[in-house]
Amino acid sequence: MAQRLLVRRIWTVSVKDIRRFPAPAAATAASSCFSTSLQPAATRVSFLAPSRALPRSLPHASRREVSFNVQDHEDFTERVINSELPVLIDFHAQWCGPCKILGPRLEKAVAKQKGRVAMAKVDIDDHTDLAIEYGVSAVPTVIAMRGGDVVDHFVGIKDDDELDSFVSKIIGQ
Amino acid sequence: MAALFGGRRRWRSSQCFHVWSRQLTGKYDYDLVVVGGGSGGLACSKEAAQAGPRVAVLDYVEPSVQGTKWGLGGTCVNVGCIPKKLMHQAALLGTAVKDAKKYGWQISGPVCHDWATMAEAVQNHVRSLNWGHRVQLQDKKVKYLNLKGSLMDEHTVKGLTKAGKETILAAKNIVIATGGRPKYPTNIQGAIEHGITSDDIFWLKKSPGKTLVVGASYVALECAGFLTGIGLDTTVMARSIALRGFDQQMAGLVTDYMEEYGTKFAWKCVPKRVDKLSSGALQVTWTDTRTGNEHKDTYDTVLWAVGRAPETKALGLDRLGVQLNKETGKIVVGTDESTSVPNIYAFGDIGEGRPELTPTAIKAGKLLARRLAGHSTELMNYDNVPTTVFTPLEYGCVGLSEEEAEKRLGKDGIEVYHAFYKPLEFTVAERDASQCYLKVVCERGGDMKILGLHFTGPNAGEVTQGFALGFQCGATYSHLSQTVGIHPTSAEEMTKVNITKRSGLDATVTGC
């Protein structure tokens, strides 16, 4: 398993080298990754200044993908594990009442960060194996990932302030 | 915190590869492979894994004829006990709302029921249970495989994915707990194409509408009961008797109550064919066996509840020489759940002669696991099993029916104490309690050991559970009459029962 970790890290590093202009929304697929690399220098500057809002010149597509539903295992690898950005993974279920309360709050907290963090939504009934793999037992469970590593997690509901502070910690402010 | 997750992060071991490599070395992949992830299979596999053995459970749901399928947990969780009881509760609440007015609640206008709301809520709860079981298997370190299992030999189980991909598992011991599925009638034209079964009813997204329930088993009556309770036009078509195997006097009270409650009954009728009309409705043609006349009527849904059968063919048991009962297709099992092939065991609904109940399957599964691990020699006791039929008027019982007791000891060998009572809650609600009844069948003379307890009334399941303990301890009539009742309850009437059938006296309980 350690070998796999090493391989992935090397791969991630080399990908980072290639991508000179990292997509603000980490979940973009390869195609949008290329389009972002053609962005003017202004993009890079604004990305490095976390407190600023995104420039209007950014493609609309990348802003939409700050929060997305995981489609399958490959999608998860691509958009979460290999994400440039820190990602919050929201494990939820349609039969879970508290999940319906936490979901919108998480979206709000993520949106506040204006593209510095992404949110991946995993329905545990559709992706049971993935949820089990990540040790989810009760829902909602939120796992924070950065560079393919789990850096934090919580189970249950949190209020807006607690979420803001959780998300800020993930970004590293 | 990252450390907690690190170990499980990159789990992607190819099970197949491990299996083949181990087979080459001659060792078993698993100490125990359980085929069937229902009430029994899950209990057995979790208990077995506790002591340390490597255990795998295979669960696979072959979609119903109408295409319904569900998750881990078996019949009880997905298409049996759980959704049934929840829908029964929905129906009871409808009656409670009607009673509420008499108790002072100001309810303006008629109260209607929305199937979609109930179905979604019930289905969501079932999904949460599917998940819960999955987590439990993970916690107890049981390997879960969503594969259709069949036996290749007494130590090899083959698992197939939906796409047909094979996985071979070598097991020291194999346990079969695959249960049963509803039967479709074979000689009724249109039955399979147009009818549904209990596998489908709980997963319908739209209301079944006007329904014909064919059968008079507890499945038929419970379904017809809650359908009536939520306001649907429901008919039960019974070929002969209701609740075969249960005390027939009590069965009569159950169906009498249902008729008064609004369920229509077509007694001694047998369906001949089901045709779909251009409107989409189903036209059923049936014969009244009393008159020989043919009748027709249209329904939105036809629900077949004509029995359940095990899926033993697909398991490949005939090739292995596992003895099956020719009539039922169930596996012939010994008192220790063994089959005719050493190290293959079977229990739960699939065992011949076993009660088709979840608690007995769970208990038998746990005891089997302990015996296989060498931790115990205790066998499952299938006697004194209490049960309840969750019809609109519930019926709970433990022990022998009156007719069975009579058969064993003769009419003169038994004494039957009985009483018609009225639940206090029915009084203000002005509800008819004619079928609220209980009887205690005892040995005549000597200690007057209780042979059977029967109770119809609200919360019969809750009432019967407590008395089942006394029954298990060998309670006698004098134990019962020495027990002080809790007042005011319906259950206390059991402790006060003193009129015998033999006396011919009026058994109606009066006042306090």
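The values are calculated or read from the model by the stated rules, or taken from the named source; none is laboratory data. Remember, predicted model here, so these are calculated numbers, not experimental data. Glycine also receives a Cβ, built like all others from the backbone with ideal geometry; neighbour counts cover every protein chain displayed.
Observations
- Single condition B:CYS112 does not satisfy, out of (1) out of contact with any Gly (no Cβ under 8 Å at 6 or more places or on another chain); (2) more than 27 Å from A:GLY135 (Cα to Cα); (3) not aliphatic (A, V, I, L, M): (1)
Rundown of residues vs (1) more than 9 Å from chain B (Cβ to nearest Cβ); (2) modelled with pLDDT under 95, yes/no style:
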site: A:LYS112; (1), (2): yes, yes
site: A:GLY115; (1), (2): yes, yes
site: A:ALA120; (1), (2): yes, no
site: A:ILE124; (1), (2): no, no
site: A:THR128; (1), (2): no, yes
site: A:GLY135; (1), (2): no, yes
site: A:ARG146; (1), (2): yes, yes
site: A:VAL167; (1), (2): yes, yes
site: A:GLY172; (1), (2): yes, yes
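- Filtering the range A:130-151 to residues that are of a type in the set (A, V, I, L, M) and either in contact with a helix residue (DSSP H, G or I) (Cβ under 7 Å, 6 or more places away or on another chain) or buried (at least 22 other Cβ atoms within 10 Å of the Cβ) (or both) leaves A:LEU130, A:ALA131, A:ILE132, A:VAL136, A:VAL139, A:VAL142, A:ILE143, A:ALA144, A:MET145, A:VAL150, A:VAL151.
- Note on the range B:128-147: residues that are charged (D, E, K, R), touching a residue at least 24 places away in the same chain (Cβ under 8 Å) and surrounded by fewer than 20 Cβ atoms within 10 Å (Cβ to Cβ) total 3.
- So B:LYS98, is it away from every other protein chain (no Cβ under 14 Å), surrounded by 12 or more Cβ atoms within 10 Å (Cβ to Cβ) and not in a loop (DSSP other than H, G, I, E, B): yes
- Filter pass, B:ALA171 being away from chain A (no Cβ under 14 Å), buried (at least 24 other Cβ atoms within 10 Å of the Cβ) and within 24 Å of the chain's Cα centre (by Cα): no
- For the range B:393-443, filtered to residues that are among the hydroxyl-bearing types (Ser, Thr, Tyr) and touching a helix residue (DSSP H, G or I) at 6+ places or on another chain (Cβ under 9 Å), the residue that is farthest from B:HIS479 (Cα to Cα) is B:SER434.
- Listed by first and then second residue, the pairs linking a residue in the range A:80-105 that is farther than 15 Å from A:LEU163 by Cα and within 13 Å of chain B (Cβ to nearest Cβ) to a residue that is charged (D, E, K, R) and assigned to a loop (DSSP other than H, G, I, E, B), with Cβ atoms under 9 Å apart and 6 or more places separating them unless they lie on different chains, are A:ALA93/A:ASP125; A:GLN94/A:ASP125; A:TRP95/A:ASP125.
- Test: residue in the range B:447-468 that is over 26 Å from B:VAL219 (Cβ atoms) and free of Cβ contacts under 8 Å to residues at least 24 places away in the same chain: no
- The set of residues in the range B:187-212 that are part of a loop (DSSP other than H, G, I, E, B), within 17 Å of B:ALA91 (Cα to Cα) and in contact with an Asp or Glu (Cβ under 9 Å, 6 or more places away or on another chain) comprises B:SER207, B:PRO208, B:GLY209, B:LYS210.
- Filter pass, B:THR255 being in contact (Cβ under 8 Å) with a residue 24 or more places away in the chain, outside any loop (DSSP other than H, G, I, E, B) and under 30 Å from B:GLU406 (Cβ atoms): yes
- The condition of being within 16 Å of the chain's Cα centre (by Cα) and at positive phi holds for only one of B:GLY74, B:GLY67, that being B:GLY74.
- Every residue from the range A:117-134 that is closer than 28 Å to A:SER165 by Cα and without any contact (Cβ under 8 Å) to a residue 40 or more places away in the chain: A:ILE124, A:ILE132, A:GLU133
- The condition of being under 19 Å from B:TYR218 (Cα atoms), surrounded by fewer than 22 Cβ atoms within 10 Å (Cβ to Cβ) and not assigned by the TED database to the domain that holds B:MET494 holds for only one of B:GLY353, B:GLY348, that being B:GLY353.
- Every residue from the range A:149-165 that is more than 9 Å from every other protein chain (Cβ to nearest Cβ) and in contact (Cβ under 8 Å) with a residue 12 or more places away in the chain: A:PHE154, A:VAL155, A:GLY156, A:ILE157, A:LYS158, A:ASP159, A:ASP160, A:LEU163, A:ASP164
- The one condition in (1) in contact (Cβ under 8 Å) with a residue 24 or more places away in the chain; (2) surrounded by fewer than 21 Cβ atoms within 10 Å (Cβ to Cβ); (3) not assigned by the TED database to the domain that holds B:VAL77 that B:LYS366 fails to fulfil: (3)
- Strands (runs of 3 or more DSSP E) lying entirely in the range B:259-373 (those with 1 or more residues that are over 21 Å from the mean Cα position of the chain (by Cα) and among the aromatic types (Phe, Trp, Tyr)): B:264-267, B:282-288, B:294-299, B:344-346
- Top-ranked residue in the range B:122-160 [being among the hydrophobic types (A, V, I, L, M, F, W, C) and within 8 Å of chain A (Cβ to nearest Cβ); ranked as farthest from the chain's Cα centre (by Cα)]: B:VAL135
- Enumeration of residues in the range B:290-337 that are surrounded by fewer than 18 Cβ atoms within 10 Å (Cβ to Cβ) and small (Gly, Ala, Ser): B:GLY292, B:GLY307, B:ALA309, B:ALA314, B:GLY316, B:GLY321, B:GLY329, B:GLY334
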